[in-house]
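Visitor: Below is a structure I'd like to ask you about.
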Amino acid sequence: MTYQQGTTMSTTTLPNIDHVCKLLLYGGPLAQLQGELVKQPDQEISVAVLYQLALRHGVISPTAAREGLALLAAAGPAGDAGRAILERVLAEGDFLAVRVTR
């Protein structure tokens, strides 16, 4: 799956996450494990948005976090886990690398 510069992200164009079991999030000065997001029925939108951000940007940066928060704005409680991760990226100004566990 490739993305072109200027492509608009929307919840209707999120990638297929059938193969994803969980996302491992690495960051900080030593690229240590910062947390994980397990794909559960109540968190699938968060997993899909974070996965798309990682595919599109390579990492989740503050810029990518703002895009993700815009996508999750209408997700209600289903987006809470993703929102918390993205808000932390913005607050700390850090980058997160994402590893997919199948």
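Throughout, read-outs are computed from the coordinates displayed, never taken from laboratory work. Note that this is a predicted model, so its numbers are computed, not measured. Cβ coordinates were reconstructed from backbone atoms using ideal geometry, including for glycine residues, and neighbour counts include every protein chain displayed.
Visitor: Read phi for every residue in the range 40-47 and hand back ³J(HN,Hα) as whole Hz from Karplus 6.51 cos²θ - 1.76 cosθ + 1.60, θ = phi - 60°, with x for Gly and Pro.
Guide: 10, x, 7, 10, 4, 5, 5, 4
Visitor: Sorted from fewest to most neighbouring beta carbons within 10 Å, what does the list Tyr26, Tyr51 look like? Don't skip to the end; give the middle numbers.
Guide: Details: Tyr26 16, Tyr51 21.
Final ranking by Cβ density, sparse to dense: Tyr26, Tyr51.
Visitor: Set the Förster distance to 25 Å, then compute FRET efficiency between Arg66 and Asn16 from the Cβ-Cβ distance, nearest 0.05.
Guide: Working: r = 24 Å, r/R0 = 0.97.
Between Arg66 and Asn16 the formula returns 0.55.
Visitor: Given only helices, namely DSSP H runs of n ≥ 4 each adding -39500 (n - 2.57), what is the per-residue ellipticity at 222 nm of the chain, to the nearest 500 deg cm²/dmol? Numbers along the way, then the final one.
Guide: Working: 3 runs with 38 residues, N = 102.
Mean residue ellipticity, 222 nm, calculated: -11500 deg cm²/dmol.
Visitor: Classify the chain as rounded, prolate or oblate from the Cα gyration tensor: take a ≥ b ≥ c as the square roots of its eigenvalues, call it rounded if a/c is under 1.5, otherwise prolate when a/b beats b/c and oblate if not. Could you put the intermediate results ahead of the total?
Guide: Values: a/c = 1.25, a/b = 1.14, b/c = 1.10.
Here the chain falls in the rounded category.
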